[in-house]
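These notes concern the structure reproduced below.
The values are calculated or read from the model by the stated rules, or taken from the named source; none is laboratory data. Here the structure is a predicted model, which is why all the values come from computation and not from measurement. Quick reminder, even Gly has a Cβ in these numbers, built from the backbone with ideal geometry, and neighbours come from all protein chains shown. To get the accessible areas, we keep the full protein, side chains included, count just its heavy atoms, and leave off ligands, DNA and RNA. Shrake-Rupley method; radii C 1.70, N 1.55, O 1.52, S 1.80 Å.
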Amino acid sequence: VMKSKRQNKRRSERGALVILLCFILGLIVLPAFGVFAFETVRACSLREQLRSACEAAALAGAAKLASSDNMDPMVTHQDVLKVVADTFRANTLSGNLLTNAVVSPTESMSMPVNGTGLFIQFLDPSTTPPQPVAVGTPTGRVVRVVSSHGLEPVFGKFLGLPGPYPIN
């Protein structure tokens, strides 16, 4: 009879431990996975939206470049730069217009929280691989568009990770 009471007490303690572990798992681990999954999906979505905006801007620039009847490559390239920037800024990122996107002179951009940068480059398609050329160079017949966004995680301040984290 005494042995049976000890076994019941041990089972009761093990049961309480299992319940405690389930409680900890439910309150700490699962929400942490949920937050991580949410932030990861959000970053991937922003990356795809940036990629789409870059593609739209590059296509608009290529169309302007191909349809230009101006004989001065500098004027043509300046027109293309304006069309590319305007097309990029007409897009949205998580429902917010990119009207404040900054055109950067270099590809390596460090953007502030929720800031978006744009880098536009002309390439010479007669080289393998296509090489960058200066604005106004007659062989600059390909438009390359790269962007970057400073992501602030939704739960960043709460978790002590305020950002910005670059999304390219």
Open item on the list: So if I place +1 on the C-beta of Lys and Arg and -1 on the C-beta of Asp and Glu, and nothing else carries charge, what would the dipole magnitude of region 41-148 be about its Cα centre? I want it in debye, nearest 20.
Closed with: 320 debye
Task: Percent accessible area from carbon and sulfur atoms, the chain, protein chains only, probe 1.4 Å - done: 64 percent
Task: Neighbour net charge for residue 80 - beta-carbon separation under 13 angstrom, K R +1, D E -1 - done: +1
- [ ] Kindly express, to the nearest 10 degrees and within the range 0 to 90, the angle between helix 30-67's C-alpha long axis and the longest C-alpha principal axis of the chain.
- [x] 10 degrees
- [ ] Please report, to one decimal in angstroms, the Kirkwood hydrodynamic radius of the chain built from all distinct Cα-Cα pairs.
- [x] 19.6 Å
Task: Value of [θ]222 nm, deg cm²/dmol, for the chain, DSSP H segments ≥ 4, -39500 (n - 2.57) each, nearest 500 - done: -17000 deg cm²/dmol
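What does the convex hull of the Cα atoms of region 19-64 come to per residue, in Å³, rounded to a whole number?
Measuring per residue, one finds 28 Å³ for the Cα hull of region 19-64.
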- [ ] Using only Cα atoms, find the angle between the long axis of helix 73-89 and the longest principal axis of the chain, and express it within 0 to 90 degrees, rounded to the nearest 10.
- [x] 30 degrees
Open item on the list: Along the charge dipole of the chain, pointing to its positive end and built from +1/-1 on Cβ of Lys, Arg, Asp and Glu, which listed residue (115, 153, 81) has its Cα farthest out?
Closed with: 153
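Residues of the chain: accessible area per residue at 1.4 Å, in Å²?
The answer is 64 Å² per residue.
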Task: Only Lys, Arg (+1) and Asp, Glu (-1) charged, at Cβ; region 23-94 dipole about Cα centre in debye - done: 260 debye
Open item on the list: Can you give me the long-range amide H partners of residue 136? Hydrogens built in the peptide plane at 1.01 Å from N, cutoff under 5 Å, separation of 5 or more residues or another chain.
Closed with: 77
